[in-house]
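Encoded as structure tokens, the structure appears first; notes follow it.
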Amino acid sequence: MKTQTTDLLKILKHSFGFSSFRPLQREIIEDSLSGRDVFALLPTGGGKSLCYQLPALARSGLTLVVSPLISLMKDQVDAMETSGIPATFLNSSLDAAESKERLEKLDRGEYRLLYAAPERLMLPGFVEKLRRWKVTLIAVDEAHCISEWGHDFRPEYRRLAELREAFPEVPLLALTATATGRVKEDIVRQLHLKNPAIYVASFNRPNLTYRVLAKQKAYEQVYHYLKSHPQDSGIIYCQSRRSVEELAERLSQQGIDAKPYHAGLGTEERSKNQELFLRDEARVVCATIAFGMGIHKSNVRFVIHYDLPKNIEGYYQETGRAGRDGLPAECLLLFGAGDTVKYAQFIEQKSAARERDIAREQLRQILHYAETSSCRRTALLGYFGEETSVANCGGCDNCLSPRSTFDGTVLAKKFLSCVFRIREKGGFSVGLNHVVEVLTGANTEKIRRWKHDAISTYGIGKERHKREWSAIGRELVRLGLLTQRAEKFSVLELTEEGMNVLSSDQPVVLTQQLLPPPETASPSTAPRAQKSGEIVCDEALFERLRRLRKKLADEKNVPAYIVFSDVALRQMARDLPANAIEFRQISGVGDKKLQEFGDIFISEISDHNQTS
């Protein structure tokens, strides 16, 4: 195995330009090369693609990569070709002549990797072609698409089990960036993986900083953020198509290159806007969740959620599109009570009771994340079952500038007592919103019908806004003084700890609510800590190298990050390589890129040094 590992490191450096593997990559590759089925869960930016690209070069035959999106296939093939690795794709974007040419090259064994969508693989006669091309590995990318429990379920992925039947001796590699335990089990079962090696990397993305800001004049908050980050590229997620278009248009009118993206746009316009973003010609894309999967743009420096996400898993996946290159990036969520109301109303319109229950629980989880005063990174990791012992992550607003607390014993007792009295009055529990209505003395049909206006706690919380009471109630759930079950009507009930608070002098400490910022504040004013992955370099040279990279990428008709990542450019602007040997030490510089770009970038660095 040692000899094989040495050979893998040589391929890693010569073809991909890296001197070492990321966590779990080597183990996954070695198991796959030994003929074993593998399930691998690596976070976005964790290097999933290398787990099948390197084996394709380490053995003979063809590696088949099942990929769900045309844009993703093209992006991967462009990157492979730029690194000198023979790869191709087959999909509906090709005309008859292009398809014929690629099929003939496959027959001649000229490619090491083939990317194809699941629909293509199931066409009559295609399995016979795969046999003729001597497939030695089947890699299923974005494998969570096979599970109905996943957030991107695609029914056509279910037929991939037929590949296992057609190629029982060919190892199968299933890869995903996000999956709960249930989704992982579903992937293994649906793909018929045989005694697979299972690798689950940490979900932690240490280079990402997570912040939540109270939404107040949301457009101004976003505009100020973009103006204070003039060189950065990013994604702004909105709840509705209308919000996407209005935000993109308004930003464009104020001089920020922003493009809309949502499922309601024509295919041509969507593709054009995505391409402009990938090529750094549009700095910002405003999008619904239709935008994202398969976007391998490595230099996304921020992801802003203009509205509350629907669930934690989607939020993690969307924020994960920032900082794929490992450099610092920011994830900002604008949180307003209005979003909560809109989602709650949307949930109640769902016809299936089971769907409503699931959606309520998902809303509760994302509200917990938005309102928690604890470490946000810990909250995210905990959702995926990953524990952390770090008290302060140094990369979220709550750890960088903890919110103040206050003695909330009186408020807590009012709320807990109201829950108790409601249960005592009717013998049944109610939901959060109804408790708040009783506390604030509302005159609703349910309050009158259930005679909750006659209990002692009716109206005892009039001094506080309903929004504040709702937040207090959710914090009492987080503190374990109340439970909130997703079943039926998502009712609140006192826990043993909650009863102890009611019957004793035990103090309750509450957190100051996430208050709107002063008029002059913007997201950019938050304290800044030393960030994971930061590379300090000559910024003027970095900008000069970015312009050169863009020029070369345009000539090759590929996105700029495919030529070199921002990491590589920052290392160049820090280390100032003056010859081929020194340039070879830059991350991502393999044999082909050294030959094609080395002299050009070395010359640019030399010119800068002489003129500065």
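A few comments on the model shown:
- Arg164 vs. criteria among the basic types (Lys, Arg), crowded, with 16+ Cβ neighbours inside 10 Å, in contact with a Lys or Arg (Cβ under 9 Å, 6 or more places away or on another chain) and at pLDDT 95 or above: no
- Any hit, the stretch 147-157, residues being crowded, with 23+ Cβ neighbours inside 10 Å, in a loop (DSSP other than H, G, I, E, B) and touching a Phe, Trp or Tyr at 6+ places or on another chain (Cβ under 7 Å): yes
- Applying the set (1) crowded, with 20+ Cβ neighbours inside 10 Å; (2) under 21 Å from Glu169 (Cβ atoms) to Thr88 leaves exactly one unmet item: (2).
- Residue pairs whose Cβ atoms lie under 6 Å apart, separated by 6 or more positions or on different chains, with the first residue in the stretch 335-355 and within 22 Å of Ile304 (Cβ to Cβ) and the second modelled with pLDDT of 80 or more and among the acidic types (Asp, Glu), are Asp339/Asp307.
- Here Asn273 meets the list (1) over 15 Å from the mean Cα position of the chain (by Cα); (2) touching a residue at least 24 places away in the same chain (Cβ under 8 Å) almost entirely, failing just condition (2).
- Some residue of the stretch 48-67 being part of a helix (DSSP H, G or I), within 25 Å of Ala560 (Cβ to Cβ) and among the polar types (S, T, N, Q): yes
- Ser15 being free of Cβ contacts under 8 Å to residues at least 12 places away in the same chain and either under 25 Å from Thr82 (Cα atoms) or not in a helix (DSSP H, G or I) (or both): no
- Residue check for Thr44: farther than 13 Å from Leu173 by Cβ and either at pLDDT 95 or above or in a helix (DSSP H, G or I) (or both): no
- Criterion violated by Lys342 - all others in (1) out of contact with any helix residue (DSSP H, G or I) (no Cβ under 7 Å at 6 or more places or on another chain); (2) in a loop (DSSP other than H, G, I, E, B); (3) not polar (S, T, N, Q) satisfied: (2)
- Of all residues in the stretch 269-312, those being of a type outside the set (Val, Ile, Thr) and farther than 24 Å from Gly395 by Cα number 21.
- For the stretch 313-352, the set of residues classified as closer than 25 Å to Ser233 by Cβ and either surrounded by fewer than 19 Cβ atoms within 10 Å (Cβ to Cβ) or at pLDDT below 90 (or both) consists of Glu313, Gly314, Gln317, listed by residue number.
- Of all residues in the stretch 492-513, those satisfying the criterion of being out of contact with any Leu (no Cβ under 8 Å at 6 or more places or on another chain) and within 19 Å of His368 (Cα to Cα) are Val509, Thr511, Gln512, Gln513.
- Among helices (runs of 4 or more DSSP H) entirely within the stretch 193-311, having at least 1 residues that are outside the structural domain of Leu380 (by TED's automatic domain parsing) and surrounded by fewer than 16 Cβ atoms within 10 Å (Cβ to Cβ) singles out no element at all.
- Only one of Arg102, Arg26, Arg108, Arg112 that is of a type in the set (Lys, Arg), touching a residue at least 24 places away in the same chain (Cβ under 8 Å) and in the same structural domain as Glu185 (by TED's automatic domain parsing): Arg112
- Of the residues screened, Arg182 is one that is among the charged types (D, E, K, R), assigned to a helix (DSSP H, G or I), farther than 17 Å from Gly35 by Cβ and within 27 Å of the chain's Cα centre (by Cα).
- Counting only helices (runs of 4 or more DSSP H) that sit completely within the stretch 424-497, those holding 2 or more residues that are over 32 Å from the mean Cα position of the chain (by Cα) and either at pLDDT 95 or above or over 30 Å from Thr378 (Cα atoms) (or both) correspond to 432-439, 445-449.
The values are calculated or read from the model by the stated rules, or taken from the named source; none is laboratory data. Owing to the predicted nature of the structure, the values given are computational and were not obtained by experimental measurement. Glycine gets a Cβ as well: all are built from the backbone with ideal geometry, and neighbour counts include every protein chain shown.
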